Structures are given as structure tokens and as C-alpha cells.
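Coordinate-derived values only; no laboratory data. Bear in mind that the values here come from a model prediction, so they are computed numbers and not experimental data. Glycine also receives a Cβ, built like all others from the backbone with ideal geometry; neighbour counts cover every protein chain displayed.
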There are 2 protein chains.
Amino acid sequence: MPDVKHFDPEAVLEQVERLFWQRGAASTGIAEVVAVTGISRSSLYATFGGKQELYVKALRRYVERRSQPVFQALADDGRGLRAIEGFFDRLIEARCAGEHARWGCMISNAHAGAEGGDPEVRGVLDRHQERLRAAMRTALGAAHDLRPGLDLDAAAEMLALLAYGVNLRSRAGADPADLRRGVSAALNSLKEPK
Amino acid sequence: MPDVKHFDPEAVLEQVERLFWQRGAASTGIAEVVAVTGISRSSLYATFGGKQELYVKALRRYVERRSQPVFQALADDGRGLRAIEGFFDRLIEARCAGEHARWGCMISNAHAGAEGGDPEVRGVLDRHQERLRAAMRTALGAAHDLRPGLDLDAAAEMLALLAYGVNLRSRAGADPADLRRGVSAALNSLKEPK
DNA sequence: CCTATCTTGGAATGACTGGTCCAAGATAGC
DNA sequence: GCTATCTTGGACCAGTCATTCCAAGATAGG
């Protein structure tokens, strides 16, 4: 009996995600969201709720569709340090060139913004960090050429923090070569000396 | 002949710096600045210009009065890795406890915000990164217990990126013990194996 | 085709945005 | 104490903010 939605909520959410990712929540108005998505204010509010709820939904989508698959691939890649090297190579490539160049990471960006005050957002950020750390830990566990006596948990934490640093600096337009050198220094230091 | 300012611009700028540092530029209104500083809109605009100029001035003050002295101390500290260890210890302490707990680093925060679009801001960010990297490089140069064959420039870049990661995560309320473990992993990996 | 039910466009909301302006007040040399 | 010059308080501005609301439109079962 009822009418049905005249748009695809999932597709709209993706557009919103990209908007918030690139410009940040605080400096993106609802008017802009309406303009980009093409749907009306009514539909937007009826489907997603207010701005904050919309932002959280977009942030969750980012984690689920962008971060998680990459983390999973990292954890499933059995090549040890080579897997981690590949992770960072692709990260730097994506952050510095192509469609999303200089957008940074939506999660990293959320850390710095006032959005972090929302406890729901904080939960997303903490879970993201924990999952990245866990994926790094798994990848390190598969490595056989590590420095003897290395604390794998601590090293995983270090690599996760390093990824955040890469995300931040890439948003300001850092030279990808510099970022790669920094990452190489970290990975080489974890290797067994020969 | 003329009248003279009824307030101390330097003291006002410090209050503004703290405001922007904690809450971010986008989500801090001029009204709030007026309320916190106690001076009027007229004086604010006459002395510092508009919001963006005010933000840039506050950001510059942050670099000059907060970052630079610490970088200088790091570069002047001849203890090698111990100096870097001390730098990170104090950083984590300041970021996670006391007056500025969970404020993050104003420069790191600026990376993620829309403020980074301003080329003047970008210049401040790049210069900050370069100076931190250089201070790390100097500190590494003074070390005698480093892994043989270590690329000091790359290691300095890595440590600078790590600092940004620490800044970000601390703003979201990360456990300081986790941050310390991550930093220790980095520093231990740079050490000469024994 | 009718109607119950949902969606949609767009107008309207009041609060707040950064920024301007000017009369009134303060200052210091004369 | 007079006056030229700057500062100050606060009213005021147009524009934007997120949000609400409702009449008109679309839908699908009967």
C-alpha cells in the first residue's frame, strides 16, 4: 500500500561518506549533502535521522566497507613482513594518489575533530584501532625473519600508530617517498639482523 | 595622543590558542572566543583580523611556544636514544594527563580538519613536520648504540610519523601504557642487537 | 479507480554564523 | 582641561545552520 523510497539509501550513504570523509563533519552543511545526493531534506531526515546520526552511519560504513576488508586481507596474508609492507604500500598509494588523494583516513580525521566527543564515535575509533592492531599482530605472527626477542604485541601497536601518522601527513600532501622511507625504517628495524 | 589597548594581546592569543587547540577551528565560534577572552568583537577584529587570521596566529603561537622549545631540547640533548625516549615519555604524559589531556596536538588536529585547505596553514604543518624530523635526526646522530647500517634519515621520519600517531590516539583517550609500548617497540628496534 | 500509507519537494523555522559599524569612552600630549 | 586619536561595547547585518512541517505526489493492494 505505501509508497516506496525513490532512491537507494546505500548509494546515498556512500556519497555522504565521501563528503564527510573529504571535508569533515563540522565543515559540511546539510545543504551540501542535499545538493550532492540529489535527495530532499525530508527524505534525508526520514531515512538517516539528523546530522550526527548521519555522520555516525557514514563513519560505520567507512569502517565496514573500507577498513575492515583491508584489515582482513592483512591478517589473512601469510607472508609476514611482506604482507605488512604490501599493506603500507597500498595505503600510501591510496592516500597520495587517485580518487581519494589527500583525503586522509576518515577515522584518523575523526580523531582530530570535535566529532570525537560523541561516545558512539569514540567507540568506533577504539574498535578501529583495536582491529588494525590485531591484524598487524596476526601478520607479525606469521613472520619468520623477525629480530629475536621482539615483542610482537608492542610492535603491532607501533605499526598501527605509524599508519595513523601516515594517514595524517598524507592529508597535508606529504611526499609519498618520505612516507615510504619512514615505513621502511620501521619494517627493516623489525627484521632479523644478518 | 591615541588611546591604548585595554588588554594584553599576547595573553588573549594564548586563550584563543587553547580554545582552538581543544575544540578545533570549525566548531569554535567567534562568540565563544569573545566570551572566553572577555574582550569585545571590535577589539578582536581590530587586533587579530578575521577568524581565519586569528586561527593562523594561534597556530603559529602554538608552534613557537609549545613545539619548538621541545624540538630544540630534543636536538640539544646529546643522550641519543635516551633523549628520544624522554621526548616520547613527556609527550605521552602531556597528552594523556594534566591540563591538556585529550586535547591532542594542535598541529596534528589541523592536519585532519578542513583548515588544512588554507595554504598558509599547510606551510605551518609542513614546517612543523620538517623540524620534528630534523630534531629526531640530530638526536639519532648523537646515539652510539644504534643497529649497524641504520638509515638515520628514514628512522627520523619514522619517529616523527609515530609522534603524530601518538598525538591522534591520545585525543581519543588511548591508554598511555599502550602508547608507551608502541614507542618502546620502535626504539628497541633501532638499538644495536646484543 | 480508489484509498490508505508512505515519500517527496520546498517553504518556513529560530538559532547562530562571521563580520561590520558607529556612537560613546578612554587616553596622552598640549 | 582640551582635543586629536585610538579603543571599546554592543547593536546590527545578511547569510547559513540544522531541523520541522505540510500539502502534493507516488505507490500498490483492493
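Computed quantities for the displayed model
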| quantity | calculated |
| --- | --- |
| Whole-number percent relative contact order across chain B, with pairs defined as alpha carbons under 8 Å at least 6 apart | 25 |
| Nearby lysines by direct alpha-carbon distance to residue A:51 (threshold 23 angstrom, same-chain neighbours under 8 apart not counted) | A:5 |
| Candidates A:25, A:114, A:83, ranked by Gaussian network fluctuation over chain A, Cα under 10 Å, top entry | A:114 |
| For segment B:60-190, alpha-carbon Rg over 2.2 N^0.38 Å | 1.03 |
| Ranking of B:100, A:6 by count of other Cβ atoms within 10 Å, fewest first | A:6, B:100 |
| Dipole magnitude of the protein assembly as shown, debye to nearest 20 (Cβ charges: Lys/Arg +1, Asp/Glu -1, about Cα centre) | 200 |
| Student exercise, chain A dipole from Lys, Arg, Asp, Glu Cβ charges, in Debye to nearest 20 | 300 |
| Relative packing of peptides B:170-177, B:104-111, B:40-47, A:136-143 - highest average C-beta neighbours within 10 Å first | B:104-111, A:136-143, B:170-177, B:40-47 |
| Test item: B:17-27 mean partner chain Cβ contacts at 10 Å | 3 |
| Amide H contacts under 5 Å for residue B:146, placed H, 5+ residues apart | B:192 |
| Label geometry 7 Å along the beta-carbon vector: residue B:6 inter-copy distances in nm | 5.7 |
| Residue B:60/residue A:120 FRET efficiency (R0 35 Å; Cβ-Cβ; nearest 0.05) | 0.50 |
| Distance in nm between pseudo-label sites at residue B:7 and residue A:30 (7 Å out along the Cβ direction from Cα) | 3.3 |
| For residue A:46, inter-copy label distances in nm, listed shortest first [label point 7 Å out on the Cα-Cβ vector] | 5.4 |
| Per-residue average of Cβ from other chains inside 10 Å of B:186-192 | 6 |
